[in-house]
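A short write-up of the structure that comes next.
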Protein chains: 4
Amino acid sequence: MSAAKQNKGWKDKLHEIIYEADTPAGKLFDVILLVLILASILLVMLESVNHIDAKYHELLYIGEWIITIFFSIEYILRVITVKKPFKYIFSFYGILDLLSTIPMYISFVFAGSHALVTLRALRLLRVFRILKLARYLGASNQLKDSIIASRVKIFVFLFAVLISSVIFGTIMYLVEGEDNGFTNIPKSVYWCIVTLTTVGFGDIAPQTALGQFITTIIMILGYGIIAVPTGIVSAEYSRSMKKSDDEKTQQPPQKKLNLNTQRCSNCHEEYHDDDARFCKVCGTNLY
Amino acid sequence: MSAAKQNKGWKDKLHEIIYEADTPAGKLFDVILLVLILASILLVMLESVNHIDAKYHELLYIGEWIITIFFSIEYILRVITVKKPFKYIFSFYGILDLLSTIPMYISFVFAGSHALVTLRALRLLRVFRILKLARYLGASNQLKDSIIASRVKIFVFLFAVLISSVIFGTIMYLVEGEDNGFTNIPKSVYWCIVTLTTVGFGDIAPQTALGQFITTIIMILGYGIIAVPTGIVSAEYSRSMKKSDDEKTQQPPQKKLNLNTQRCSNCHEEYHDDDARFCKVCGTNLY
Amino acid sequence: MSAAKQNKGWKDKLHEIIYEADTPAGKLFDVILLVLILASILLVMLESVNHIDAKYHELLYIGEWIITIFFSIEYILRVITVKKPFKYIFSFYGILDLLSTIPMYISFVFAGSHALVTLRALRLLRVFRILKLARYLGASNQLKDSIIASRVKIFVFLFAVLISSVIFGTIMYLVEGEDNGFTNIPKSVYWCIVTLTTVGFGDIAPQTALGQFITTIIMILGYGIIAVPTGIVSAEYSRSMKKSDDEKTQQPPQKKLNLNTQRCSNCHEEYHDDDARFCKVCGTNLY
Amino acid sequence: MSAAKQNKGWKDKLHEIIYEADTPAGKLFDVILLVLILASILLVMLESVNHIDAKYHELLYIGEWIITIFFSIEYILRVITVKKPFKYIFSFYGILDLLSTIPMYISFVFAGSHALVTLRALRLLRVFRILKLARYLGASNQLKDSIIASRVKIFVFLFAVLISSVIFGTIMYLVEGEDNGFTNIPKSVYWCIVTLTTVGFGDIAPQTALGQFITTIIMILGYGIIAVPTGIVSAEYSRSMKKSDDEKTQQPPQKKLNLNTQRCSNCHEEYHDDDARFCKVCGTNLY
């Protein structure tokens, strides 16, 4: 094993640091990455606040460029150290990593576009991996399962919401008219969704008696509609939870959650066993 | 079978295209129909936006008329090709198809009424049939079942909401008075429902200390009330889901969902078996 | 039985008409009563609308007095025809019947108090009895049971909501101050409940950055808090429903719902069997 | 036993009165305490209302100081009568008791800080103990259990809410711009959470067509998101309730709730048996 380690070139070492979180160096790298992502989001937010930007513009600007350059180098290293770079480049995280650097460069051409840097927030999803929060991911999967199981019902539900919004929106446009803020049908439909979801901004509100009567119907409908997705998710979730309970009591768990963060530098395969020395897909040495 | 096909007149052929979605021509017809419905709704929406209408009024107007004429012809063909036209005319879709054409004609007499053209949105319900989304309909039916099963409870619940709204609305009218926007009892009742459903537009809001105190009670009540329909639907849905789970595990399914879209041109009967050659109700040849 | 009927005096006949809904006359009386209650509420509502009142003041005023006089006579008859009048007078419906007449008389002394006539809305609860909607009442009881079963938890929950509102309200008062609408602590607490319940009128809204940050915490808290009562009611309701399902499958129902509306004219006892000829409590002839 | 009682010094007697609620004197003390806490919160609230403060400033000020002095004495007595004072001082209630007195003293130095006196609201949590509402605490524990059981899922959920808020907030800032109230990104993120939680104050609302379209997506997302925590808590709660039901039917309860409020004056141990004469931890006489 130690022999295998010595044989590794700098690419392999970097690969281990950048992609994995099993070694101290790899862990440190990921922590620094997360801190920088958070710092970068904070910088963009602060920069958008006028009175802070007026005072510390220079500082914020420099800070942001330092982080962007770090991210750019990180991106290039990620591409270099992987043996099949295109697989990484077109993976979810690959695209995300690229998107989190280019807005700053584009901001030379289009002013304001650097605010898109907050897309870096999505990179925070790595937090789950780095902290080895497999159980968090487990919880997330259970959530995802119950959402997937009920996706057909949710589609039907959304379809119903949209059709009612279009119809009620048109009626309200006819009833209230442009003088009361319902200036056109799309705006009325927008208002209708605002009301159905019980958000109720109040920037547009019915003024006529008839309009308020129809609004009452919309609201009570919306009230009942809230019950539907909640009921669906609740029931599906209850079922998926019961199923996992039954499995626990009836039979020993047959596969455990994989907490290993090793990733093959050749084929990009994850989820190796803890004692795996070679990639189970392409046979590349993992150390 | 081919002999039966050759014997069919143009009426039967049209019937197959218009009413069914099993042949390529029938499928194409339905897709064109859905696209036109969506286009038509979009046209009416855009027309209501002043600055778009100012620019493209001619274009929108012509487009809308083309669609309306298409729908009118389609309606007439539907009536002609069915052997029992009155059964179609007074069916749900029959009335809907008529309603989706007449607002344009009425708009000659009453300006603005053509906005009702968005009623065409309801025709989009056909989307479920055309895409053979029987499983969507299944999901929808399960939803419908749990809503029907809990309709009595929901009636009791709505009754409670309305009685409390009337009483609290009157109290707020007395407490706040006309100066604070509670100009009359119906408006106060309307405000009360806005608050109970947690929509809270804020166009009317209590100003006096006593009014705000009563509002607090209304809101906490409304908060508790949200729990009731959600709990009902959730429990009913959970039960209906469990029942269907039990059925799946205990016995083989005895009838499968009918995905066939054939419709008898004589008696308008749907839900024929896939291998049916004659209408099971009146014996008319289905091909 | 016919002999027993002939022996009845006018009091007994009136008792049957007023209190019961088993005879055609009794049913008619109850329907008239409900229509009058609805009419009366409508009258008070319309009267509060200025432009309607300006036009039809006389008409509305006369209509209201006619109904009030009818209700007064009805109340007196109810007291007379019952053999133990005090039991009726101090019963829930007795107090309600009185309260639905006196606001009009008080309105001679205090202007505006006649708006309390809408308390008559509560009399609409009789609708359940008259329509023999025992199954509605059954549904209502199931609801009531699940609310009673969870009342301790709901108390704890409300306690938590109130303590958080007081604390967050005070903090917001200190942070935002009087200039931003948080003029005093009670108002801040009121605003806090408006926010926690997700009503959000927007008449008061945080203006400072710190205030908006704290509001974010309050809202996410409120979001989580919504889950609690819903979860409780949903779970309790699910349990009570399952229990009644189990009872149905395991043993034959041992008592059926009593749909009989006879009421003893002596001791005011309800819930007699359909074939009962004498009151089961005091032995008075029921016919 | 009576001999043991006579041997007690004043410290022990005070300890019994202050810390326990089993003797009439102890009960009276706790009731007075709760009333004073409520009175104190009311005083601070009223003082913040300008027109009340203008009239009764002296009265409110004196009342508040009387209560503060009482609380200070109570705090000192609590420290003195306990044999291990530091254990009390750094316990949850110890810190709370201190925090509920110091704001008044600090108000000499910093004006306004005495409003923090409403932190006394937290002392009201004692109400559960004094009323021996062990079953309330039981209910509260069941709630706590289901919240703890679902804390991982709720963390994942909150994480998702925050990431979406940051991203949608930035997009809305770019789309709507400073002219429409979205003056900076933190404010946009705040607005986004206001919308996602369906609070919808309406102090900031999208004005552009594109902004309103994105808002529609945010709202429908928020609508679906409401379903998630509700579903989680509901399912967890249902499970914990079922578990306790199963336990009840399968085996006799093995430990009952401890309603005893005795507390050892030496080691601060609670939860003694009703017939305990000596502390089960350190052997100190409990009487």
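Looking at the range C:211-224, can you tell me whether even one residue there is within 24 Å of the chain's Cα centre (by Cα) and in a helix (DSSP H, G or I)? The answer is no; no qualifying residue exists. The set of residues from the range C:76-108 being open to solvent by 30 Å² or more (accessible area, probe 1.4 Å), under 17 Å from C:Lys11 (Cβ atoms) and of a type in the set (Phe, Trp, Tyr) comprises just one member, C:Phe86. In this structure, B:Ile67 does not qualify as modelled with pLDDT under 85 and buried (at least 16 other Cβ atoms within 10 Å of the Cβ).
Just so you know, in the range D:145-158 the residues that are more than 9 Å from every other protein chain (Cβ to nearest Cβ) and in contact (Cβ under 8 Å) with a residue 60 or more places away in the chain include one that is most open to solvent (accessible area, probe 1.4 Å), and it is D:Asp145.
Kindly evaluate D:Val161 against the criterion of being within 8 Å of chain C (Cβ to nearest Cβ), modelled with pLDDT of 90 or more and buried (at least 18 other Cβ atoms within 10 Å of the Cβ). No: the conditions fail for D:Val161. Scanning the range C:183-209 for residues that are in contact with a Ser or Thr (Cβ under 7 Å, 6 or more places away or on another chain), buried (at least 24 other Cβ atoms within 10 Å of the Cβ) and in a loop (DSSP other than H, G, I, E, B) turns up C:Thr197, C:Thr198, C:Val199, C:Pro206. Restricting A:Gly202, A:Gly169, A:Gly181 to residues that are closer than 22 Å to B:Arg120 by Cα and either among the small types (Gly, Ala, Ser) or more than 7 Å from chain B (Cβ to nearest Cβ) (or both) narrows the list to A:Gly169.
Could you please let me know if C:Val49 is in contact with a helix residue (DSSP H, G or I) (Cβ under 6 Å, 6 or more places away or on another chain), β-branched (Val, Ile, Thr) and either within 17 Å of B:Pro186 (Cα to Cα) or not assigned by TED's automatic domain parsing to the domain that holds C:Thr101 (or both)? Here the answer is no, as C:Val49 does not meet what is asked. As for the range D:32-40, it holds no residue that is more than 22 Å from C:Tyr173 (Cα to Cα) and in a loop (DSSP other than H, G, I, E, B). The condition of being open to solvent by less than 10 Å² (accessible area, probe 1.4 Å) and modelled with pLDDT under 90 holds for only one of C:Glu178, C:Glu269, C:Glu236, C:Glu247, that being C:Glu236.
Annotation: of all residues in the range A:184-199 being closer than 24 Å to B:Leu158 by Cα and facing chain B (nearest Cβ under 8 Å), the one that is nearest to the chain's Cα centre (by Cα) is A:Val199.
Going through the range B:33-47 one residue at a time, which ones are of a type in the set (S, T, N, Q) and open to solvent by 30 Å² or more (accessible area, probe 1.4 Å)? Within the range B:33-47, no residue meets the criteria.
Checking each residue in the range C:217-231 for being in contact with a Lys or Arg (Cβ under 9 Å, 6 or more places away or on another chain) and of a type outside the set (A, V, I, L, M) picks out only C:Pro229. Checking each residue in the range A:58-87 for being among the acidic types (Asp, Glu) and either under 23 Å from the mean Cα position of the chain (by Cα) or outside any helix (DSSP H, G or I) (or both) picks out A:Glu64, A:Glu74. Of the residues in the range C:279-287, not one is over 26 Å from the mean Cα position of the chain (by Cα), among the hydroxyl-bearing types (Ser, Thr, Tyr) and at pLDDT 90 or above. Scanning the range B:209-218 for residues that are within 12 Å of chain A (Cβ to nearest Cβ), without any contact (Cβ under 8 Å) to a residue 12 or more places away in the chain and either closer than 25 Å to D:Ala205 by Cβ or out of contact with any Pro (no Cβ under 9 Å at 6 or more places or on another chain) (or both) turns up nothing.
The values are calculated or read from the model by the stated rules, or taken from the named source; none is laboratory data. Here the structure is a predicted model, which means the values were calculated and not measured. Counting neighbours? That spans all protein chains shown, and the Cβs are built from the backbone with ideal geometry, glycine included. Note: areas computed on protein heavy atoms with side chains; ligands, DNA, RNA excluded. Shrake-Rupley method; radii C 1.70, N 1.55, O 1.52, S 1.80 Å.
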